[in-house]
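Have a look at the structure below before the remarks.
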Amino acid sequence: MTTTDVPAPGDFVHPAVFYGSDEEYLALLVPFITDGLAQGHPVAAAVPGARLRLLRGALGAAADEVLLLDMEVEGRNPGRIIPGVLRRFADAHPHSHVRIVGEPIWAGRTRTEYPACAQHEALINHAFAGRDVTIACPYDTTALAEHVLSDALVTHPLVWGATRRFGSDHYAPGTVVERYNLPVTPTADTRGLSVTTTAEVRDARRFATAEAHRHGLPAERTANLALITTELVTNSLRHTDAGCRLTLWRDADHLVCTVEDTGRLTDPLAGRHPVGSDRQGGRGLLVVNHLADLVRTHTGPHGTTVHAFVRFAP
Amino acid sequence: MTKAADARRSGLVDRTFGLGEHDHVCWQYTAPGEFRERARDFLADGLARGLQVWYVAPGAAADLVEDLHGVEELDTGLRTGAARVVSLDATYPVGTVVEPVAQVRAYAEATEAALAAGFAGLRVAADCTPLVRTPRQLAAFARYEHRIDHYMADRPFSAVCAYSTTEVDDAAYAQLACMHPGANSHLPGFRLHGAGRHLTALGGEVDPGNEELFALALERSDPRPHDGLLVVDANGLDFIDHRALMRLSAHATDLGATVVLRTRWPGAAALAHLLDLTNVRVERAA
C-alpha cells in the first residue's frame, strides 16, 4: 500500500463529525438523517449500541425509514465495515444519493483494534471515490484520545463541528494507512506449522482446530477459525512461491490465527470488495474479514503477515 | 467411520468384514494377494448374512474359484450357487468403457433376482482395475460408481470395489473413491454419493486441496433437484470452503433449483449468509 494510490474524492462526501455531548450528537446527525429522508435519499446509521438508542429515540417515527445497525456488532471487525455495511447499503441504491452515519471508532476500542479502525477510515475514501454517497463519521471529542481525533483530520477531507464546518488541512488518508501498517507481536504461547502446498491446507486447518479445542474455543467459533485458516493459508499459497507459516496463539480474549508469507499486499482494499462486485476471486480475505472479530495486516517489501482474531465469547 | 443402526458406513473403512447390506467401499490395494483376502472376508461375511455373493476379477473363472477355496462358507456357497465367480475377462472385452445406466440396470436386475431366489440381497467384491485404465474408462466408471451408489442406498446391494495401485494411481483412485461412502484411504478427502430416496450425500472436507476433484465429482454425479430442491445430506460434512459452496450453488442455479444443505457443521450457514447465496438453504441435520 502506498500513500499515492488513493484517488481524489469525486462526489463522495466524507466528513468527520466532532461532537462533545449527546445534544451535539443529535443536533449534528438528526438533521443529516431527516434532510436526507426529506430528499428521498436512502439513509442508514451504523453506530454503537448506546448511540443507536439515542438516535432512534430522537428520530421518532422517522427511525422506521432508516436502516439502523449496531456498529459494535456489524463492525466489530473494522475490515468488514466497507463490504458488509457501507457498500452493502450504498450498492443496494445505485441510482440515488445515499447518506450513511458510520461510527466505527468509540472509546471502548482497544489499542490492538485501533490501527485497523484508523486504516478503515482512510480506506473509505478509496472505496467510495467518485461515488454519489455521503458517509458522516461521528467522533466523541470528550472520550477519544487526542491522537484519534488528529487521525480523523487526516482520514476525512471535511470536518463538521457543533459550530462550523470546514475542510481539513491535514487530509492525507494514505499516510494513515501506512502509519498503522504495524506488526503485531504474538504472545509467548504460540504454536506453528509451515505450509507449502494446497494438499497441506487440510493439515493446517486441523492444526488450527486442534489449537481451538485446546484453548476451549466454542464450536461455532471453531468453525469460523477453520474457515479463516483455510482462506489465509490458501491466499498465501496462491500469491506466493515460498509457502507460509501458520501460527496460533492466545491474546487475552481472542485466539489468533497468524499467517506470514513473502508476498506483498498490493490492493489496499483486498478483503473489502463486496461479494456482489464483478471482481473474480478475492473472496478469501472477504470471508476472513466477515468471520474474524479483528484483522490486522502488516505488509512490506519482505512479506505480509495477517493476524485474524477470533473472540472466545460470541 | 460412522455407523448407526440403519446407516451406511462412511468415511475411512479399514476392514471388509462386518459391513452391512448397503455398504459400498472403495479399496485401494498394493500387495497382489490383498484383494483376494479382503474379498474372502467380505463375501464369507455376506453369505453369513444370507446374501448371494459374487467374486468379480480378471482371470480365468477356474482361477477365481481357486481364490475362494479354503473358506468353508465360500466352498459351500460355490457348491450351492450362493457364491459365484465372474471373470472380468469374459464379461468385458479389453478397453470396455462401461455405460453407467446399463451397468446399474444389470446389477439392479441381479439384486432383484437374488431377492427373488430367496437371498437377502446381493454382495459383490470386484477388482475393477481393468475397467479404469484409460481416461474415458475412468470417467465413465466414476459416473457409474456414483449412480450405482444411489441404488445401493435404497436396495440390499453391497460392494467392495478394489483398485490396484500398480495400475491406478492416487489421482485416479481419488476420482473413484470420492463416489463411495466408504474408502480405505483418506485420499479424496470428501465423498459425494447416494443417500437414499434420490438424495445426494456430501461428507468429509472440501477445500482448495481437492477443489478440482470436487468440481469433477459434481459434474460427473450431476445431482438433480426434485420439486425445485436439490437436497444434500451433509450430515457427514466436516468442512466446506467458500469456493466449493459457490460451486454447489452454481450447479443448482444452472438447474433453477435451491440447494438444501443438511449439516451439523456450523460454518456452512455462516458462509451461505456472508456470500449472499440466496439459493443455498442450510438446515441443521437431525
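The values are calculated or read from the model by the stated rules, or taken from the named source; none is laboratory data. The structure presented is a predicted model; accordingly, all values stated were derived computationally and were not measured. We place every Cβ from the backbone using ideal geometry, glycine too, and count neighbours over all the protein chains shown.
Data overview
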quantity	calculated
Hits in the stretch B:222-243 - residues which are within 21 Å of the chain's Cα centre (by Cα) and within 14 Å of chain A (Cβ to nearest Cβ)	B:A234, B:L237, B:D238, B:F239, B:I240
Exclusive hit being within 29 Å of B:L199 (Cα to Cα) and surrounded by fewer than 18 Cβ atoms within 10 Å (Cβ to Cβ), set B:L115, B:L131	B:L115
Restricting the stretch A:218-228 to residues that are in contact (Cβ under 8 Å) with a residue 60 or more places away in the chain and within 7 Å of chain B (Cβ to nearest Cβ), the residue that is farthest from the chain's Cα centre (by Cα)	A:E220
Tabulated pairs, the stretch B:85-105, first in a helix (DSSP H, G or I), second surrounded by 14 or more Cβ atoms within 10 Å (Cβ to Cβ) and acidic (D, E), C-beta under 8 angstrom, 6+ apart or interchain	B:L88/B:D127
Matching strands (runs of 3 or more DSSP E) fully within the stretch A:131-193 where at least 3 residues are in the same structural domain as A:G40 (by TED's automatic domain parsing) and surrounded by fewer than 16 Cβ atoms within 10 Å (Cβ to Cβ)	A:165-167
Residue match in the stretch B:212-223 (condition: outside the structural domain of B:P135 (by TED's automatic domain parsing), touching a Gly at 6+ places or on another chain (Cβ under 9 Å) and either within 14 Å of A:L227 (Cβ to Cβ) or outside any helix (DSSP H, G or I) (or both))	no
Qualifying residue in the stretch A:266-282 (condition: outside any loop (DSSP other than H, G, I, E, B), surrounded by 16 or more Cβ atoms within 10 Å (Cβ to Cβ) and touching a helix residue (DSSP H, G or I) at 6+ places or on another chain (Cβ under 9 Å))	no
Condition met for A:R88 (part of a helix (DSSP H, G or I), surrounded by fewer than 23 Cβ atoms within 10 Å (Cβ to Cβ), touching a residue at least 40 places away in the same chain (Cβ under 8 Å) and not β-branched (V, I, T))	yes
Where A:E178 falls short, out of the listed (1) in contact with a Phe, Trp or Tyr (Cβ under 8 Å, 6 or more places away or on another chain); (2) touching a residue at least 12 places away in the same chain (Cβ under 8 Å)	(1)
Residue check, A:E231 surrounded by 20 or more Cβ atoms within 10 Å (Cβ to Cβ) and more than 9 Å from chain B (Cβ to nearest Cβ)	no
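Here is a yes/no grid of residues against (1) hydrophobic (A, V, I, L, M, F, W, C); (2) more than 20 Å from B:A44 (Cβ to Cβ); (3) under 20 Å from the mean Cα position of the chain (by Cα):
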| residue | (1), (2), (3) |
| --- | --- |
| B:A61 | yes, no, no |
| B:T80 | no, no, no |
| B:D89 | no, yes, no |
| B:P93 | no, yes, no |
| B:A125 | yes, no, yes |
| B:P130 | no, yes, yes |
| B:A142 | yes, yes, yes |
| B:P156 | no, no, yes |
| B:S164 | no, yes, yes |
